[in-house]
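> Please find one structure pasted underneath; my questions will follow.
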Amino acid sequence: MTRSWHLVTGEFPPAPGGVSDYTRLVAAGLAAEGDLVHVWCPDATGPVVDPAGVHVHRSAGNWTGPDLRLIDRQLDAMPAPRHLLVQWVPHAYGRHSMNVGFCRWIRRRARTGDVVDLMVHEPFLAFREGAIHLDLIACVHRVMASMVLGVARRVWVSIPSWADKLRPWALGSAPPFCWLPVPSALAVSHDVELVAQVRSTVRTSRDLVIGHLSTYDVHVREMLQRLAPQLIRAAPTSRFLLLGRGGDVVAADLRERLPELQHRVVGVGALEAGALSAHLQACDLMVQPYADGASTRRSTLMAALIHGVPVVTTVGRLSEPFWSSTPAVSAVPAGDVDRMVHAAVALATDAGRRHDQSVAARGLYAARFDVAHVIAALREDRCEPLHAGRSVMAE
C-alpha cells in the first residue's frame, strides 16, 4: 500500500550531520518502496542532489513564525490525512535550541488533523554538565519535549534509554515508545581499484592499520591523547588512521604533542562517501571509544559493522546489554584505556579472531540494523512498545 510521508527535519543534505544523513537515508528508502515522500527543512549551501522520488521543500528558514506559516500554506494544499515524522533534536530547530514556537506549531498541526510521530535522536540536554545557562536550556528542552509528546501518536527512539528519560515528561499522555536503531548512512563501496589504491597509501607490507572514525569533539580528543601513545607502543608495527571531518587536524596535533607518534598517526579530513568506505576497508581493525558507551544511535559504530571491520568499543551507561556479549565487537568498560589497548592488541595479533569478528559484525548489522528494518517498521507501523524501566534491549 502506498503511503504519504512528511519528514520534518532541521538538517538535510547538503547540510552535514548525522540527522541529515539519517533523514536522507529514510526518505530514499520510503520513496524506493513507492511511497510519496516530502521533506521539510531549511535551505543549505552546497550542491543539491536530492534522492530519487523525494520532494524536498527547503522553506523552513530559521523555523520562525513567518517560516512556519509558509509551511502551513504549503502543507494545507496537500491531501489529508498528513503524516508528519518529526526528527526530534531540539538544537536543530533554531532559537538557540529553545524554539518553543516550533513545538506550538507541531501541536497545532496535530490538533487540526495531522498525525504526528517523533523520531528521537537526542531528547534534551542533561543537567549539571556545563555552565549555568546550559541548565536553563535543559529546562526549556524538557518543556519542549512535553509539548510534542502530548500530541505524538508514536515516539520512535534511537536507543531504548531515551524512552525512560522522556516518559516522565509525557505528563499524562501515553504514546507508545518504540526502538528504531540508526543504520549506517555510509554504504560499502565495491570499487575494487579505489580500495586497492587507498590500501597502498595507508599501509606498507608490515603495517597493521588501526582506524578510528569520529567528528572529534573535545571528549574524543582527550581520549585519543591518552589512547594513541599506549596503542602505538603496545602494537609497534601498527599505524593509527584517523578518519572523519577533523581527523587530519587531530592527527597533526597528536604528532606535535607526542613526537614518538611521528609517522605512526595519520589523519584524513572529510571524504566523499566512496573514498571514506575505501579507507574503512583499508583498516585491519578499529577502536571506537564512546564516553557513554556503544549504542544503536552511533552511526560511526554502524559504519564499522556494515563494513565488517573488527572493532574495539566501550560499554557505558547508554549501552544496550547485547554489546557486552555479542561476538561482533570487542567491548570494554567506558574510560578504561588499558583494557581498550589490551583488546586492540589481542585482535591485532590474531588474524583468525579478526576474521571471525568481521563475519559476526556483518551478520549482526544485517540482522538488526540494516535500513530495510527501519523502512519496514515505519511502513508496517510495526512496534514492540518499550515498557517503563525497560531502558535496554536484551540479546
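Quick note: the coordinates plus some simple rules give every number you see, no bench work behind them. Predicted, not measured: the structure shown is a model, and the values here were computed from it. Please note: Cβ atoms are built from the backbone with ideal geometry, for glycine as well, and neighbour counts cover all protein chains shown.
> May I ask you to compute the full-extension gain from Val337 to Ala372, defined as 0.36 nm times their residue separation minus their alpha-carbon distance, rounded to one decimal in nm?
That works out to 9.1 nm of additional length.
> When Glu122, Glu11, Glu193, Glu260 are ordered from fewest to most other Cβ atoms inside 10 Å of their Cβ, what list results?
Glu193, Glu260, Glu122, Glu11
> What order do you get for Leu125, Leu85 when you list them from fewest to most C-beta neighbours inside 10 Å?
Leu125, Leu85
> Next question, about the same structure. Find the relative contact order for the chain and round it to a whole percent, using C-alpha pairs within less than 8 Å whose residues are 6+ positions apart.
13
> Using helices alone, I'd like the mean residue ellipticity at 222 nm for the chain: each DSSP H run of four-plus residues gives -39500 (n - 2.57), total over residue count, nearest 500.
Calculated mean residue ellipticity at 222 nm is -12000 deg cm²/dmol.
> How large is the dipole of the range 124-170 about the Cα centre if only Lys and Arg carry +1 and Asp and Glu carry -1, each at its Cβ, rounded to the nearest 20 debye?
220
> Would you indicate which of [x] 19.6; [y] 18.6; [z] 28.2 is the value of mean projected area of the Cα convex hull in nm² derived from the coordinates of this structure?
Among [x] 19.6; [y] 18.6; [z] 28.2, the one derived from this structure is [x].
> What ranking do Val115, Val54 get, fewest neighbouring Cβ atoms within 10 angstrom at the top?
Taking fewest neighbouring Cβ atoms as first place, the list is Val115, Val54.
> Could you point to the residue in Gly244, Ser4, Val188 farthest towards the positive end of the chain's charge dipole, with +1 and -1 charges on the Cβ of Lys/Arg and Asp/Glu respectively?
My answer, from the dipole projection, is Ser4.
> Under 12 Å from the Cβ of Thr2, count the other residues' Cβ atoms, weight Lys and Arg +1, Asp and Glu -1, and hand me the total.
My count for the surroundings of Thr2 gives 0.
> Which of the peptides 270-279, 22-31 is most tightly packed, and how do the rest follow, judged by the mean count of other Cβ atoms within 10 Å per residue?
Result, highest mean Cβ count within 10 Å first: 22-31, 270-279.
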